[in-house]
Structures are given as C-alpha cells and as structure tokens.
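For reference, the structure is listed below as structure tokens.
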Amino acid sequence: LFWEYTEGAGTAGRQVREAVLQRGAEAVVVFGGDGSLHDVINGIIRDDRLIRDDLILAFHPAGSACDLARTLYGKKHSAPPDLLQSGVIRRVDVGRCTFRGREDMPRVSYFLNSFDAGAGADTCVRVNAGAGRAKRWLRNGRLAFMLNAFCVLMGFSYTDAEIIADEEGFSGRYIIIGVGNGRYIGGGMLLFPQASLDDGWLDLLLIEERSRKDILRLLPTVYRGGFFQACGVHAMKCKQVLLRTKRPIAIELDGEVPGYTEAQVHVLPRLLPLLFPAADLRA
C-alpha cells in the first residue's frame, strides 16, 4: 500500500502508470475531482485497453464540482475505507475521442463522464483559466460554472457544424454539442438524464442556435433536465459521433480542454472495472 500526491496539473496519469507498471499496483484510488480522474483514466488505458488486465479503480470525490460523482453516488458517498472493504466491482463504459491537439496534430484521449463542444467547452476554458482561479475565488465549483456559462452564452460565437451519430446526420449551428456517458456536466447541469455508465451507449445532445431571450429562459432548466421539450433540442443514444465544424472550436473531456475539432467519439463498452459502494449503487 502506498500513496502519492500529484506533482501538478496533468501529472496523475504518468504517476499512476508508473505505479502500475513499475511498482506492481493492482488497485488505484483517486482522491480528487473530475480532472484528476480524467488524468488517471488516460494513464491506465493504452490502445483501448487497460495497461493491466486485473486493475481496479476507485474514486473518492474531492474536487470543487465533481459531476461524475453525482452520477455515481448522488449526494452521498462512502468513506474510502468502507469503499475498499465492501465495495462492488462494476465494469463501466469509457469514451474514446480523436481530435486535433494544440499542435494541430491528431490526438487520442479517453473520458469517463462527458465530451462537449460549443458553449460548454468555452465555459471550461474560462473556469480553468489561471489554474482554476474562479473556482478558488468563489470557493464553489457549481457557482463558478454557472456564472461563466452565463457569460459565454450571452456572447457565444456560432459556427456551422455537421454531426454524424451512427447513421443519422445533423447540420446547422449549435450552442451545445454534447456527448454524455455520465448524466451531469458543468457543475451539476443535468444534460444527459438517460445516460448510464454501463449500457454500452453514449447520449448525444444537440441544442440549436437560439436568441439570448431563449437562452435566459432555458438556462435555469438545465439543472433539472427540463429543456428537452423546447424547439431545436435533439437527443439520442448512439455508439459513435463524428463532429466537423466550419472553423475549429474547442472540445472538453471531463472538464478538461485538450484540443479542437474535428473530433470523433465512440464508446468502449464496459472497459473499466470501477469500485462502487454496495449500498449506494446508482449509475
């Protein structure tokens, strides 16, 4: 049994990979937020496989927003000792995303909770600026996302987009282009209420261009999933999504912003053995 602090942003993946491959770790417990878990996921998966076949992952949410924890545990979660002693292993889906990296080269990254392009990704850019200055200053991840989302939505710059989800195509201008494996995004926005972590599907959400008045009317509904009856909202389950845009736009994966479109996403069914509290199984 051993533990390590991360050495800085983006280092958790390297550290956990070394722990597994060089020190023989059989289980990994992540204390942190969605970004820390995202780093770890990308440290233990290579070429669409776990770097160790019998590896087990556990997650104790300790971040400022922790959207994935809302899907996993609701408002309550077990203490780490209880999770390790009595938890139940459940294999969950992982998303795989190919996109344009910052050097304009193709990159691959894995996500557990969500992919997003459009206003959601732009919001993450603002929230993550200055090493998460807004979240530290407000001391509330949900409020930081809410305020920055409002600013982004009021001045959002649209571009033409083409989306192919399995065999179905969409084209137009969208303020949200999201793909969920978990149910929540952006500090508690319930954008994917039908998502399940182990159903072998991803949940696609498209919200078409709309006026500022419509945005102000719909914004409060995103926290309870009450916007699906609005005109110009499309939702479906799919295995893969291809996104092309007239100009490159940022993408986010689990709250991190690693690159830009063009992007392609598909599901890797039940790839990851994740430890769940026996009494609080929700996903």
Checklist line | Peptides ranked, highest mean first, by Cβ atoms within 10 Å: ranges 195-206, 222-233, 250-261 | finding: 250-261, 195-206, 222-233
Notebook entry, point to check: Rounded to the nearest whole Å², what accessible area per residue is found for the chain with the 1.4 Å probe?
Noted result: 48 Å²
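Between R173 and F150, take the C-beta separation as r, use R0 = 25 Å, and let me know the FRET efficiency to the nearest 0.05.
0.80
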Check: Say each of Q194 and R91 gets a label point 7 Å from the Cα, pointing the same way as Cα to Cβ; how far apart are those two points in nm?
Finding: 2.5 nm
Checklist line | the chain: calculated mean residue ellipticity at 222 nm from DSSP helix runs of at least 4, using -39500 (n - 2.57) | finding: -8500 deg cm²/dmol
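Can you give the FRET efficiency to the nearest 0.05 for C231 and L268, using r as the Cβ-Cβ distance and R₀ = 35 Å? Could the numbers behind the result be given before it?
Numbers: r = 34 Å, r/R0 = 0.97.
Using R0 = 35 Å, I get an efficiency of 0.55.
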Next item on the list: Starting from the Cα of D166, step 7 Å along the direction of its Cβ; do the same at E4; then give the gap between the two resulting points in nm.
Entry: 4.1 nm
Checklist line | Check: the chain dipole with +1 on Lys, Arg Cβ and -1 on Asp, Glu Cβ, in debye | finding: 860 debye
Margin query: Using a Förster radius of 30 Å, what is the FRET efficiency between V108 and T221 based on their Cβ-Cβ separation? Nearest 0.05, please.
Written below: 0.30
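Calculate what fraction, in whole %, of the accessible area of the chain sits on carbon and sulfur atoms when a 1.4 Å probe is rolled over the protein chains. Don't skip to the end; give the middle numbers.
Details: 6960 of 13630 Å².
The C+S portion of the solvent-accessible surface of the chain is 51 percent.
The values are calculated or read from the model by the stated rules, or taken from the named source; none is laboratory data. Quantities reported herein were computed from a predicted structural model and do not represent experimental measurements. FYI the Cβ positions are ideal-geometry reconstructions off the backbone, even for glycines, and counts take in every protein chain you see. These accessible areas exclude ligands, DNA and RNA; they are computed on the full protein's heavy atoms, side chains included. Shrake-Rupley method; radii C 1.70, N 1.55, O 1.52, S 1.80 Å.
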